Structures are given as structure tokens and as C-alpha cells.
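**Q** To start, I am sharing the structure in question, which I have written as C-alpha cells.
The values are calculated or read from the model by the stated rules, or taken from the named source; none is laboratory data. Worth saying up front: this structure is predicted, and the values here are computed from it rather than measured. Here the Cβ positions follow ideal geometry from the backbone for every residue, glycine too, while neighbour counts run over all protein chains shown. Only protein heavy atoms, including side chains, enter the accessible area calculation; ligands, DNA and RNA are left aside. Shrake-Rupley method; radii C 1.70, N 1.55, O 1.52, S 1.80 Å.
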Amino acid sequence: MQSAEKQQPPAPLQQFTADFADAWDRLPNKGFFFTLLAAWLLLFQFLGNATFGYVDTSSLFRWMYVAYKGNGWEEGHGLLIPLAVLALLWWKRGRLLAVETRIWWPALFLLAGALFLQMLGYVVQQPRLSIVSLYFGIYALTGLAWGPAWMRASFFPMFMFIFCIPFATLGAPITTVTFYMRMFVAKTVATIGSNLMGFDVVRTGTQLYNSDHSYGYDVAAACSGLRSTVSILALSTIFGFVSFDKNWKRLVMIASAFPLAMLGNTIRMMCIIIAAEGWGKNWGDFVHENAICSILPYVPAFLGLMALDHWLRDRPPSPPPKPAPSPV
């Protein structure tokens, strides 16, 4: 008897190719949308940036790349956000392709608002306004091509574009916030180090050092939590929207990014002081500058998000107790 051959499952790449072809065939108004999208992107390529003294280019995309690259890729997550948005749109493709789609002309008013933002950003030489205009305009184009139901279904992935705005170089508003963050980290580390661990740690402002000044560290803006706060905020936003449907649970997940980022950076600074106290300044500098040690703030944040996700999840109802056996 001839045995039937077992059908092998398709390879992941083949499955993705098939799924992509199916989604592409089901997507309406493709030519209309991508033609308008290309024109919109060309606008920001050639008339996107007016701050030639900072970055000598008229391209907003070039300005964004330089801003992300500055200060050791402090804003480097901005390059990853568009990929994250595409991945989330792909994850939601079933729901997006199931909504009622139509050309929705009222979206032209949203597009006009995005164009006004770009004109304002260009005139006042504020590229961050242009970044808002760029991504809000893309969102408006999706509404124009596929309707309001599509816009409602895609709000969460498109909202992630807000993390493409470089906040660290915004100036006085961010400097004020980071100052209080720096003070919190410095005070917490000094209190734990001197009162609980018995270390010779002295704090002056945001400076941490020992009494004989054999080591000293400043809780700079990068150590205060700004960089990790933005990254953890993006992660917690994705976590919240993917895991939960209720808005209050999503808001709890998003709000948790701030204490978790501060906790992570306090732990990192505490490790630097412990290394310097125990083995000398060279070891403290090693922990401070080592790339692997710079990941420390994200460990408690990730664990905290997982714990919070577990705590917020709805528990299945307990099964009713089994009835006692009747006496014979």
C-alpha cells in the first residue's frame, strides 16, 4: 500500500510572501494612495527643512537623520519607529482589510491642516513641526484613500510616529524636566549609598563623589532617564495597545514607563558607585562607559512591564465547585 506523503508546512518566507500577496490584492485604491504618498514625501525631500545653519540641506529626512545621529545616537530610536509602525500595521492587517473602505474627501481638510503645519514649521524654522506635519499628512492620506473606519482602526500604529520627534535637543523645556530627573537620581543614589550601604558618598547638586575625591560622577542628562524614558515609553505604548483593549489599562501601561525608567537609571548609577567604591575609579568608569552596562536601565523596565501585564490581565472565572457526592 502506497503511503500518503506528509504535506510539509510552507517555509516562513514563502508564507509571508503568500500573505503579503493576498493582502496586496485585497487593498483598494493602491495607485491613488501611493501616488499621493510619493508626492507628499517629495515635498519634504525638497522643501522640508529651512534651518540651513544647523544642517545645510532642504531635506527634512536628512535633518532627521542628523538629529537622530547626534550625541551618540541618543535619538536613534527614531529610525526604528517607522519599521515598528509597518510591523504593527501588518499585525493588524486582518482588521484593517475587514473595515469598510472608500475614498473619503473630508480627509482633505486634515491634509490641509498638515500642509499648514509644514508651512508654519518652514517659516519659523522649526523642523519638529515639519515632522508632525509629515506623519499627520500620511495619516490623512490613509483616510482620504480608505476612509474614516480605516483611520480609526489604524490610529494606534500611526500614533507611534510621535516618537520620531527628537525631544532631547528641544531646549529649555526638556532641560528643566531633565534637571529634576537628574536631582532625583542623584539624591536616591546618595541616600542608598551612604545611609543603607555605608559608602562614603557625597552629593553636591547632581555630582556624586567620595570625600577624598578619588572618584566623581555627574548625573548628566543622559543618565537622568530621558533617553531610556523615551525608549521605554515607546515600548510600554506598544505593550499596552497590543495586550489590552480597555483604554484605562493602556494608560496604566504607558504611565508606568516613567517610574520604571527612573528606577532603571537609579540602578545603573548605583552599580557605578558600587564598582568605584569596591574596586576603584577604573572599575567605576568601566561600568559607566561599557555598552553592555548601559542596557541596565531596560532590564527592570522590561521585567516591570511583564509583571504589570500579568497583573492587569483578566483572570478566567473560577470553575464552580463540584457538588458533594450524595450519600448512598
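**Q** Which value, in Å², gives the accessible area per residue of the range 57-177 when a 1.4 Å probe is used on the protein heavy atoms?
**A** That works out to 48 Å² per residue.
**Q** Also, quick follow-up: So, by mean Cβ neighbours within 10 angstrom, what's the order for 208-218, 23-33, 179-189 with the highest one leading?
**A** Going by the mean number of other Cβ atoms within 10 Å, highest first, we get 179-189, 208-218, 23-33.
**Q** For residue 80 and residue 42, calculate 0.36 nm times their separation in residues minus their Cα-Cα distance, and state this gained length in nm to one decimal.
**A** 11.6 nm
**Q** Right, another one. About the Cα centre of the chain, what is the dipole size in debye to 20, counting +1 per Lys and Arg Cβ and -1 per Asp and Glu Cβ, all else neutral?
**A** Using only the charged Cβ atoms, the result is roughly 880 debye.
**Q** Let me ask something additional. If contacts are Cα pairs under 8 angstrom and at least 6 residues apart, what is the relative contact order of the range 106-236 in percent?
**A** Value for the range 106-236: 17 percent.
**Q** With label points built 7 Å along Cα→Cβ from the Cα atoms of residue 95 and residue 18, find their separation and express it in nm.
**A** Simple spin-label model gives 2.6 nm for this pair.
**Q** Right, something else. Quick one: net charge around residue 24, please, counting Lys, Arg +1 and Asp, Glu -1 for every other residue with C-beta under 15 Å from its C-beta.
**A** Cβ neighbours under 15 Å give a net charge of 0.
**Q** Next question, about the same structure. Distance check, please: which entries in 30/92; 187/249; 92/249; 69/92 exceed 23 angstrom between their Cα atoms?
**A** As for pairs spanning more than 23 Å Cα to Cα, those are 187/249; 69/92.
**Q** Pop out the carbon and sulfur fraction of the accessible area of the chain as a percent, whole number, probe 1.4 Å.
**A** Here it works out to 67 percent.
**Q** What's the whole-number percent of alpha carbon pairs in the range 159-310 lying beyond 26 angstrom?
**A** The share of Cα pairs beyond 26 Å in the range 159-310 comes to 31 percent.
**Q** Choose one of 251, 147, 239: the residue whose Cα lies farthest towards the positive end of the charge dipole of the chain (beta-carbon charges +1 Lys, Arg; -1 Asp, Glu; about the Cα centre).
**A** Toward the positive end, the furthest listed residue is 147.
**Q** In addition: I need to check one value: relative contact order of the chain, counting alpha carbon pairs closer than 8 Å and at least 6 residues apart, in percent.
**A** Worked out over the chain, it gives 12 percent.
**Q** For the full complex of protein chains and a 1.4 angstrom probe, list 285, 200, 56 by accessible area with the highest value first.
**A** Per-residue accessible area, sorted high to low, gives 56, 200, 285.
**Q** Hey, could you get me the Stokes-Einstein D for the chain, Kirkwood radius over alpha-carbon pairs, 37 °C and 0.692 mPa s, rounded to whole µm² s⁻¹?
**A** It comes out at roughly 139 µm²/s.
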